[in-house]
Structure formats: C-alpha cells, structure tokens
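Working notes for the structure below.
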Amino acid sequence: MRRWRIAVAKAHTAAAHVAARNFPSDRLSSFKAISGYHPLGAELDPGPLMARFATAGAAIALPAAMDRAEPLAFRLHDSAQPLVPDAFGIPAPPASAAVALPDLIITPILAFDRRGGRLGQGAGCYDRTIAALRAVRPVFVLGLAYADQEIDAAPVEAHDQRLDAILTEEGYIEVRKDIRCA
C-alpha cells in the first residue's frame, strides 16, 4: 500500500508538470494577474502552471472564501507568508494580503466537456465569482483536470459559468466561443 501511495503521488506530480508544459507558451504573457487554487484531494496541482506564469511576470493570487454564499476574494500569494483556512477550511492567503483582480482564473474541476461545461464541488463559489467578474471585465477561465475527467456533456444550469479552455496532462483544449453549454 505504501508503494502504491508513492506511485500515485509521483503520477499526480508528473501529470501536473506535463499539464503545465501543455499551456501554450505564446499565451503566458497575455495575463498580468492569475489566480490558482490550493489543490484538495485528487485535484490536479496548479503549482507548476502557476510557476510558469510567475516566471512570465504574472502576479499570483489564490482564492479566499469569506462566506460560503458569497463570491470568492482573490489575494496575492506570498510563498513566505503562511496560508490560513478560509470559510470552507481551504488554505488561503490571510486577510492582510493584498487584493488582486485576476484576468485568468485557474479552476479545479470534477468533470468537464469540450463545450466548456464544468462540474465543480457543488457549492457554486466559482460560478458566482466568475459571473461577478465577467459582469465588469473580461476574465479567462481555465479548467485544470486530468484527461479522464472528460465527459460527453456536463449537466449545466443557467447560472453555471463556462470554461474558456481546459488544460490536462494530454493537452490544451480551447473552447469554441460559438458553442453554448446548454
């Protein structure tokens, strides 16, 4: 069991690095501020991708839930500063960290389809947050997942926000803008 756990951990780490390399290099400098996430459970680790963006000069933020029913706040991430649990218990930058407005949001997903439909954890935080941001400015939403999380059609509702692209260990999938989720 220990050997299996080590093998799984190595496979997850390798997949995260491969996925990061799959993001188009010519798009890295397109974003000035990006938000990643703190991976939970088997979520694909955005760390290697966030590092690529940081090297390209982007400010790096992480989401923080202040209240379970409100949109997420984005705070600049300083690796020298410890993370603190947010309203969901997820590690996030402390309230003293500077607020950021990302133009790219990397979001974890449980499942996705090629039309940009996504299933999240079910609380609606990312949908509320993305909708609020898109109401005032453009924001690019990148779903980060393992290739085997793809499904034929994600069950989406009117409030669900569509992904602009999906990044997996097998490649980068740009979602066509003229395809609707519903």
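If I filter the range 115-130 for residues that are in a strand (DSSP E or B) and over 22 Å from D45 (Cβ atoms), do I get at least one hit? No, the range 115-130 contains no residue that is in a strand (DSSP E or B) and over 22 Å from D45 (Cβ atoms).
From the set of residues in the range 117-129 that are of a type outside the set (S, T, Y) and under 23 Å from A100 (Cα atoms), which is surrounded by the most Cβ atoms within 10 Å (Cβ to Cβ)? Among those that are of a type outside the set (S, T, Y) and under 23 Å from A100 (Cα atoms), it is C125. May I ask you to say which residue of P93, P24 is of a type outside the set (A, V, I, L, M, F, W, C), surrounded by 16 or more Cβ atoms within 10 Å (Cβ to Cβ) and in contact (Cβ under 8 Å) with a residue 12 or more places away in the chain? Testing whether each residue is of a type outside the set (A, V, I, L, M, F, W, C), surrounded by 16 or more Cβ atoms within 10 Å (Cβ to Cβ) and in contact (Cβ under 8 Å) with a residue 12 or more places away in the chain leaves just P93. Taking residues in the range 50-76 that are surrounded by 16 or more Cβ atoms within 10 Å (Cβ to Cβ), and partners anywhere that are among the charged types (D, E, K, R), the pairs with Cβ atoms closer than 7 Å and at least 6 places apart or on different chains are A58/K32; A59/K32; A61/R75; L62/R75; A64/R75; A64/D86; A65/D86; P71/R128. Go through (1) under 18 Å from L49 (Cβ atoms); (2) surrounded by 15 or more Cβ atoms within 10 Å (Cβ to Cβ); (3) at pLDDT below 90; (4) of a type in the set (G, A, S) for S79 and report which single condition fails. All conditions pass for S79, except number (2). For the range 111-170, the set of residues classified as closer than 26 Å to A14 by Cβ, acidic (D, E) and touching an Asp or Glu at 6+ places or on another chain (Cβ under 8 Å) consists of D113, E150, D164, listed by residue number. A100 passes every criterion in (1) at pLDDT 90 or above; (2) among the small types (G, A, S); (3) in contact with a Cys (Cβ under 8 Å, 6 or more places away or on another chain) apart from (3). For the range 29-43, state whether one or more residues are among the hydroxyl-bearing types (S, T, Y), part of a loop (DSSP other than H, G, I, E, B) and at pLDDT 90 or above. Yes, the conditions are met somewhere in the range 29-43. Tell me whether the range 49-56 contains one or more residues that are modelled with pLDDT of 90 or more, touching a Ser or Thr at 6+ places or on another chain (Cβ under 7 Å) and more than 23 Å from G120 (Cα to Cα). Yes, that holds for at least one residue.
Tell me which residues, restricted to the range 123-145, are among the aliphatic types (A, V, I, L, M) and under 12 Å from the mean Cα position of the chain (by Cα). Across the range 123-145, the qualifying residues are I130, V141, L142, L144, A145.
Checking the structure you have, find out if any residue of the range 91-109 is under 17 Å from L40 (Cα atoms), in a strand (DSSP E or B) and of a type in the set (S, T, Y). Among the residues of the range 91-109, at least one is under 17 Å from L40 (Cα atoms), in a strand (DSSP E or B) and of a type in the set (S, T, Y), which makes the answer yes. Filtering A145, A132 for residues that are surrounded by fewer than 22 Cβ atoms within 10 Å (Cβ to Cβ) and not β-branched (V, I, T) leaves a single hit, A132.
The values are calculated or read from the model by the stated rules, or taken from the named source; none is laboratory data. All values derive from a computational prediction rather than experimental measurement. When we count neighbours, we look across all protein chains shown, and the Cβ atoms used for this are built from the backbone with ideal geometry, even at glycine.
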